[in-house]
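K.L.:
For reference, the structure I am asking about is given below.
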Amino acid sequence: MDRPRVVVTRDIPAPAFRKIWACCETRYWDSQEPIPRDIFLEWVQGVDGIYCLLTERIDPEVLDAAGPSLKVVSTMSVGYDHIDVEACVRRGVQVGHTPGVLTETTAELALALLLATARRLPEAIHAVKAGEWTTWKPMWLTGWDLHGATVGIVGLGRIGSAFARLLQGFQCRLLYTGPRPKPSVADPLGATYATFEALLEQSDFVSVHCPLTPETARLFDAAAFRRMKETAIFINTARGGVVDHQALYQALVAGQIAGAGLDVTDPEPLPSDHPLLGLPNCVVLPHIGSATVATRTRMALMAAENLLAGVAGHPLPHPVQGGTV
Ligand code: GLV
């Protein structure tokens, strides 16, 4: 019997690649940079499976190019806003992702980014290297306390609730918002449901953990930032598309909020001359929420398991089911 044909769109961890290579005819974009779209469209022709990252848009054009042989799209990410899942389902193409394994790692990054932004760590590190540390000064590089603060969590899914768990040591008041109250998740965490508007008005820190969907696209616009406290810090480790970055820039410059920490932006990467990068009160990371050796390796393996199940015509062990990340 012919081995299934698959495309792998990036240089992925070796254990995952070996698993795929052992059973599939594999076309492999052996690079740290994304596969160019025209090459991708050519390579997918007649394949049984696509192993992609969040940098590849999987839309009807890709599905048409692949044709009826395509059985599975497996993304090495928990988020799947880059995949037109409905179009896949209509064609009987299964879609897999990597939920669960990156939850704690991403929540830890959110906390690290929150603290780095609140305590102005990048500015402080820069000051030391630039020779600006002349002496101990009473109000130099003063930031904002997390302990005792009100933290608003937008999206109490897997990562949002792991983040809330990490905050248990900081004696925070926790608010959360989302499409509906989730008492079974929230009550043990001591988190209280609030409307989006109430959460913005009351929180000292607002941390985004919702997926990017038509409902959450540009949720953080000028009106949202206007509702926030002047001392508030905004943290986004979910998806850049949830934020209007022009509105965020204006809010930071006008002092409507105190600071922002972003692990995700729109676009990605943010161009190096983007105005947000010139602001001392905006900390930007290059989408590293799940970037630990162990977690990225597990994600790669999980995506390989989805791919191999899909090309064999079996149900995926980790199918996209919609909802939370
Ligand atoms: C990263 O953003 C992911 O969705 O896994």
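The values are calculated or read from the model by the stated rules, or taken from the named source; none is laboratory data. This one's a predicted model, so the numbers in the text were calculated from it and none came from an experiment. Virtual Cβ from ideal backbone geometry, glycine too; neighbours counted across all protein chains shown. For the accessible areas, the whole protein counts, side chains as well, though only heavy atoms, and no ligand, DNA or RNA atoms are used. Shrake-Rupley method; radii C 1.70, N 1.55, O 1.52, S 1.80 Å.
K.L.:
Of (1) within 29 Å of P179 (Cβ to Cβ); (2) of a type in the set (A, V, I, L, M); (3) in the same structural domain as L113 (by TED's automatic domain parsing), M302 satisfies all except one. Which?
P.N.:
With respect to (1) within 29 Å of P179 (Cβ to Cβ); (2) of a type in the set (A, V, I, L, M); (3) in the same structural domain as L113 (by TED's automatic domain parsing), M302 is out only on (3).
K.L.:
(1) away from the ligand (no atom under 16 Å from the Cβ); (2) touching a Ser or Thr at 6+ places or on another chain (Cβ under 9 Å); (3) open to solvent by less than 20 Å² (accessible area, probe 1.4 Å): which one isn't true of V62, the others all being true?
P.N.:
Of everything listed in (1) away from the ligand (no atom under 16 Å from the Cβ); (2) touching a Ser or Thr at 6+ places or on another chain (Cβ under 9 Å); (3) open to solvent by less than 20 Å² (accessible area, probe 1.4 Å), V62 misses just condition (2).
K.L.:
List the residue pairs whose Cβ atoms are under 6 Å apart, where the first residue sits in segment 225-245 and is within 21 Å of P267 (Cα to Cα) and open to solvent by 40 Å² or more (accessible area, probe 1.4 Å), the second is away from the ligand (no atom under 12 Å from the Cβ) and in a loop (DSSP other than H, G, I, E, B), and the two are 6 or more positions apart or on different chains.
P.N.:
Between residues of segment 225-245 that are within 21 Å of P267 (Cα to Cα) and open to solvent by 40 Å² or more (accessible area, probe 1.4 Å) and residues that are away from the ligand (no atom under 12 Å from the Cβ) and in a loop (DSSP other than H, G, I, E, B), the close pairs are D244/R218; D244/D221.
K.L.:
Failed condition for A304, given (1) within 16 Å of the ligand (Cβ to nearest atom); (2) within 30 Å of C24 (Cα to Cα); (3) surrounded by fewer than 23 Cβ atoms within 10 Å (Cβ to Cβ), with all others met?
P.N.:
Of everything listed in (1) within 16 Å of the ligand (Cβ to nearest atom); (2) within 30 Å of C24 (Cα to Cα); (3) surrounded by fewer than 23 Cβ atoms within 10 Å (Cβ to Cβ), A304 misses just condition (3).
K.L.:
While we're on this one: Checking A291 against (1) among the small types (G, A, S); (2) open to solvent by 10 Å² or more (accessible area, probe 1.4 Å); (3) more than 17 Å from the chain's Cα centre (by Cα), only one condition comes out false. Which one?
P.N.:
Result: A291 passes all but (3).
K.L.:
I'm trying to understand the selection: among the residues of segment 65-76, which are surrounded by fewer than 24 Cβ atoms within 10 Å (Cβ to Cβ) and in a loop (DSSP other than H, G, I, E, B)? Steps first, please.
P.N.:
Narrowing segment 65-76 to residues surrounded by fewer than 24 Cβ atoms within 10 Å (Cβ to Cβ): 65, 67-69, 71.
Within segment 65-76, G67, P68, S69, K71 qualify.
K.L.:
Identify the single condition in (1) open to solvent by less than 50 Å² (accessible area, probe 1.4 Å); (2) under 16 Å from the mean Cα position of the chain (by Cα) that C282 does not satisfy, given that it satisfies every other one.
P.N.:
With respect to (1) open to solvent by less than 50 Å² (accessible area, probe 1.4 Å); (2) under 16 Å from the mean Cα position of the chain (by Cα), C282 is out only on (2).
K.L.:
Taking segment 78-107, which residues are more than 12 Å from the ligand (Cβ to nearest atom), in a helix (DSSP H, G or I) and touching a Gly at 6+ places or on another chain (Cβ under 9 Å)?
P.N.:
The answer is V85, A107.
K.L.:
If you don't mind, another one. Hey, does segment 252-261 have a residue that's within 16 Å of the ligand (Cβ to nearest atom) and surrounded by fewer than 20 Cβ atoms within 10 Å (Cβ to Cβ)?
P.N.:
Looking through segment 252-261, none of the residues is within 16 Å of the ligand (Cβ to nearest atom) and surrounded by fewer than 20 Cβ atoms within 10 Å (Cβ to Cβ).
K.L.:
Of everything in segment 203-215 that's within 16 Å of the ligand (Cβ to nearest atom) and open to solvent by 20 Å² or more (accessible area, probe 1.4 Å), which residue is farthest from the chain's Cα centre (by Cα)?
P.N.:
Narrowing segment 203-215 to residues within 16 Å of the ligand (Cβ to nearest atom): 207-213.
If we keep only those that are open to solvent by 20 Å² or more (accessible area, probe 1.4 Å) as well, we get 211-213.
Details: P211: 8, L212: 9, T213: 13 Å.
Among those residues, the one meeting the criterion is T213.
K.L.:
What tally of residues in segment 37-59 results from selecting those that are free of Cβ contacts under 8 Å to residues at least 40 places away in the same chain, open to solvent by less than 10 Å² (accessible area, probe 1.4 Å) and either farther than 21 Å from L308 by Cα or not in a helix (DSSP H, G or I) (or both)?
P.N.:
Looking only at that region, the number is 2.
K.L.:
Taking interchain pairs and intrachain pairs at least six residues apart, which have beta carbon atoms under 9 angstrom, with the first residue in segment 177-197 and closer than 19 Å to F220 by Cβ and in the same structural domain as R158 (by TED's automatic domain parsing) and the second of a type in the set (V, I, T) and in a helix (DSSP H, G or I)?
P.N.:
none
K.L.:
How many residues, within segment 214-259, are in contact with a helix residue (DSSP H, G or I) (Cβ under 9 Å, 6 or more places away or on another chain) and among the acidic types (D, E)?
P.N.:
2
So that you can scan it fast, the table gives a plain yes or no per residue for (1) in contact with a Leu (Cβ under 8 Å, 6 or more places away or on another chain); (2) under 24 Å from I288 (Cβ atoms):
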position	(1), (2)
V78	yes, yes
P99	no, yes
T103	no, yes
A127	yes, yes
T142	no, no
